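Heads up: the structure comes next, in structure tokens.
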Amino acid sequence: MTSLEDSLSRLGAARLAGMRRGVEKESLRAAPSGALALTPHPAALGAPLTHPHITTDYSESQLELITGVHADAESCIGELTEIHQFVYRALAARGDERLWVGSMPCGLPTDETIPLGNYGSSNVGRAKSVYRMGLGHRYGRRMQTISGIHYNWSLPGVSNDEYFALIRNFRRHSFLLLLLFGASPALCGSFVAGREHGLVPLAPDQAHTLHLPHATSLRMGRLGYQSEAQAQLAVSYNSLESYGASLYDALTQPYPPYEAIGIRNLGGEYNQLATTLLQIENEFYGTIRPKRVIRSGERPLHALRERGVEYVEVRCMDLDPFEPVGIHAQTMRFIDIFLLHCLLTPSPADTPEEIAALGRNQHRAAAFGREPGLRLERATMASRTLASGAPAAAAPSGMLREVTLVEWAEEILDACPPIAAALDAAAGAGHGYSEALAAARAALAAPHTLPSARVLATVQHDFGGSYTAFVRAMAEQTRAGHMALAWNREQQSRHDAMALESLMKRQAIEAADDIDFETWRLAYLDPARLLA
């Protein structure tokens with residue numbers, strides 16, 4: 001029996017059956033022309049501040065649809081589908097807006113006219129809007145309109161050290177998810193207007209569509225959710241303590257370029273919540289995050305430090321424009337396998353040198369992932385994790401070697417059959433984990449079948465090289481598909497009731513405020529609230 005099989009045996013079928021997952025899916029609202037919708041969040045969808053399943057991300061025009069926690073991929077997809085059905089009906093009742101089904105945004109207006117999310121007049125609602133104003137000042141509003149899928153995952157009985165071991169391996173191996181599921185190899189030129197970008201036109205007569213020939217996920221590359229300021233943060237994932245200390249400094253130490261922006265402008269309006277490198281914890285970008293459900297008014301870092309990691313949030317998944325809800329159940333099953341592989345295989349401590357190399361690997365995989373012979377940097381680690389799951393000492397710094405992406409990917413997939421078999425056995429017949437792994441192997445062997453390659457081929461062959469025309473057509477097809485699904489009065493009533501209840505909750509929060517916003521802001525940002 002291999003060490004991986006031994007680890008699976010110790011886990012047992014009961015714990016594997018206790019695996020849980022949920023999805024947060026972002027989508028821009030767009031006009032039929034492909035331009036960003038500039039209308040307010042539809043009242044029929046409830047209050048973004050308080051609705052449990054329908055909110056907004058950065059922009060007022062950017063919906064975020066959130067499932068509950070599910071025991072299997074199919075039920076998760078089912079709930080996400082029903083939320084989409086309700087949203088599409090609400091949009092149809094008030095006009096002709098569609099959901100943009102690509103990760104890279106639709107036609108964008110000037111940066112300053114992209115509307116920020118509006119969460120009402122309460123202190124917590126104002127803070128959410130001011131935070132978004134700060135993001136706009138720091139990174140530009142266009143970057144924030146990128147959309148994706150966050151996959152939340154947990155397994156019973158996993159300790160903090162084990163979750164951080166998973167996270168370290170995930171960061172090492174996440175290039176595989178970019179390759180297999182990246183679906184943003186092209187974009188509308190409005191996204192990079194006035195910026196250095198290095199992209200090339202997809203077709204000679206379509207200068208508005210830009211791409212890289214072997215790209216997998218421009219969303220996760222240098223043009224996506226990236227920050228030169230945050231690049232100086234060598235956040236360690238060797239323990240909850242080291243992670244917390246890294247974030248604490250970024251959340252409490254003033255950062256001169258952001259001090260220059262100031263908290264308020266000359267007219268007294270707020271520019272940002274704070275002048276620190278990170279305004280709040282959510283500003284820290286990453287492919288994966290340790291998470292814990294927070295209590296009312298609690299800081300996320302305090303929750304982690306006090307009660308530990310509850311689940312991980314995978315943040316590197318593109319919207320798949322060929323899938324009705326942006327992700328397929330088979331993809332979710334592969335992520336389950338992948339996360340278990342990250343958890344159960346040796347995970348040496350990270351080093352600043354390896355952290356820097358992983359950043360370079362991410363950019364290479366995002367921009368050139370399908371390029372034949374592409375090479376990544378891999379740390380040579382002499383150590384392994386201790387039996388407790390805690391990291392042992394790493395090999396000397398600077399020990400990096402180059403390997404081909406495909407070679408490394410094959411090594412990961414070759415180790416996964418026992419995991420897929422164990423999950424199939426725990427979940428029962430018909431759950432398809434082995435089939436999901438087989439599909440990943442087949443895709444790796446046939447790069448032209450990968451979503452990123454399919455997007456480029458379809459844009460070129462069926463839409464004259466126009467990214468916007470492609471996503472518009474897929475958006476229409478997706479909308480029609482959801483509108484054609486069965487929908488009954490009970491479903492409509494249940495979702496209407498949730499929307500109404502969210503509006504009432506927002507009003508109650510606004511009525512309960514008894515201090516001014518500046519007093520609230522200073523109290524919320526008090527560094528003492530970050531400590532356990």
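Contact map, segment 486-501: residues that are farther than 17 Å from Ala92 by Cα and among the β-branched types (Val, Ile, Thr) paired with residues that are part of a helix (DSSP H, G or I) and at pLDDT 95 or above, Cβ distance under 6 Å, separation 6+ or inter-chain. No pairs are found. From the list Ala445, Ala473, Ala457, Ala480, the lone residue that is closer than 24 Å to His328 by Cα, of a type outside the set (D, E, K, R) and surrounded by 13 or more Cβ atoms within 10 Å (Cβ to Cβ) is Ala473. In segment 67-96, the residues that are at pLDDT below 95 reach residues that are open to solvent by 40 Å² or more (accessible area, probe 1.4 Å) and of a type outside the set (Phe, Trp, Tyr) with C-beta atoms within less than 6 angstrom, at least six apart or across chains, in these pairs: Asp96/Pro32.
Test Ala245 against the criterion of being assigned to a helix (DSSP H, G or I), closer than 19 Å to Arg299 by Cβ and free of Cβ contacts under 8 Å to residues at least 24 places away in the same chain, and give yes or no. Yes. Just one of (1) in contact with a helix residue (DSSP H, G or I) (Cβ under 8 Å, 6 or more places away or on another chain); (2) open to solvent by 20 Å² or more (accessible area, probe 1.4 Å); (3) assigned to a strand (DSSP E or B) fails for Ala234. It is (3). For Gly262, the conditions (1) without any contact (Cβ under 8 Å) to a residue 60 or more places away in the chain; (2) open to solvent by 20 Å² or more (accessible area, probe 1.4 Å) all hold with the exception of (2).
Candidates are the residues of segment 97-111 that are charged (D, E, K, R) and modelled with pLDDT of 95 or more; the one that is nearest to Ile149 (Cα to Cα) is Arg98. Taking the listed residues Leu277, Leu273, the one that is out of contact with any Gly (no Cβ under 7 Å at 6 or more places or on another chain) and crowded, with 19+ Cβ neighbours inside 10 Å is Leu277, with no other qualifying. Of the numbered criteria (1) surrounded by fewer than 18 Cβ atoms within 10 Å (Cβ to Cβ); (2) out of contact with any helix residue (DSSP H, G or I) (no Cβ under 7 Å at 6 or more places or on another chain); (3) modelled with pLDDT of 95 or more, the one His197 fails is (3). Counting only residues that are under 27 Å from Asp513 (Cβ atoms) and touching a residue at least 40 places away in the same chain (Cβ under 8 Å), segment 265-277 holds 5 of them.
If you take the residues of segment 82-119 that are in a loop (DSSP other than H, G, I, E, B) and polar (S, T, N, Q), which of them is nearest to Gln477 (Cα to Cα)? Once the filter is applied, the top-ranked residue is Ser103.
For segment 260-310, give me the residue count where each residue is more than 29 Å from Met220 (Cα to Cα), in a helix (DSSP H, G or I) and not basic (Lys, Arg).
So the count comes out to 1.
Against the criterion of being on the phi < 0 side of the Ramachandran plot, open to solvent by 30 Å² or more (accessible area, probe 1.4 Å) and in contact with a helix residue (DSSP H, G or I) (Cβ under 9 Å, 6 or more places away or on another chain), Pro204 does not qualify. Residues in segment 237-259 that are under 19 Å from Gly140 (Cα atoms) and either among the small types (Gly, Ala, Ser) or open to solvent by 60 Å² or more (accessible area, probe 1.4 Å) (or both): Pro256, Pro257, Glu259.
Looking only at residues in segment 120-148 that are open to solvent by 40 Å² or more (accessible area, probe 1.4 Å) and among the hydrophobic types (A, V, I, L, M, F, W, C), the one that is farthest from Ile66 (Cα to Cα) is Met133.
Pick out the one residue from Glu298, Glu371 that is over 28 Å from Asp513 (Cβ atoms), out of contact with any Ser or Thr (no Cβ under 9 Å at 6 or more places or on another chain) and among the acidic types (Asp, Glu). Spell out how you get there, then give the answer.
Working: Glu298 fails: over 28 Å from Asp513 (Cβ atoms).
Checking each option against the conditions leaves just Glu371.
Of the helices (runs of 4 or more DSSP H) entirely within segment 425-532, those holding at least 1 residues that are under 24 Å from Phe181 (Cα atoms) and of a type outside the set (Asp, Glu) occupy 433-445, 451-462, 467-484.
If you go through segment 97-118 and keep only what is open to solvent by 20 Å² or more (accessible area, probe 1.4 Å), among the hydroxyl-bearing types (Ser, Thr, Tyr) and in contact (Cβ under 8 Å) with a residue 60 or more places away in the chain, you end up with just Thr113. Selection within segment 389-405: residues that are touching a helix residue (DSSP H, G or I) at 6+ places or on another chain (Cβ under 7 Å) and open to solvent by 40 Å² or more (accessible area, probe 1.4 Å). The member of this set that is modelled with the lowest pLDDT is Ser397. Of the residues screened, Gly157 is not one that is at pLDDT below 95, open to solvent by 10 Å² or more (accessible area, probe 1.4 Å) and either within 30 Å of Val455 (Cα to Cα) or out of contact with any His (no Cβ under 6 Å at 6 or more places or on another chain) (or both). The single condition among (1) in contact (Cβ under 8 Å) with a residue 60 or more places away in the chain; (2) within 19 Å of the chain's Cα centre (by Cα) that Ser159 does not satisfy is (2).
The values are calculated or read from the model by the stated rules, or taken from the named source; none is laboratory data. Being a predicted model, the structure only gives us computed values, none of them experimental. Every residue, glycine among them, receives a Cβ derived from its backbone with ideal geometry; neighbour counts consider all protein chains shown. The protein model used for the area step is the full one, side chains on, heavy atoms only, and it has no ligands, DNA or RNA in it. Shrake-Rupley method; radii C 1.70, N 1.55, O 1.52, S 1.80 Å.
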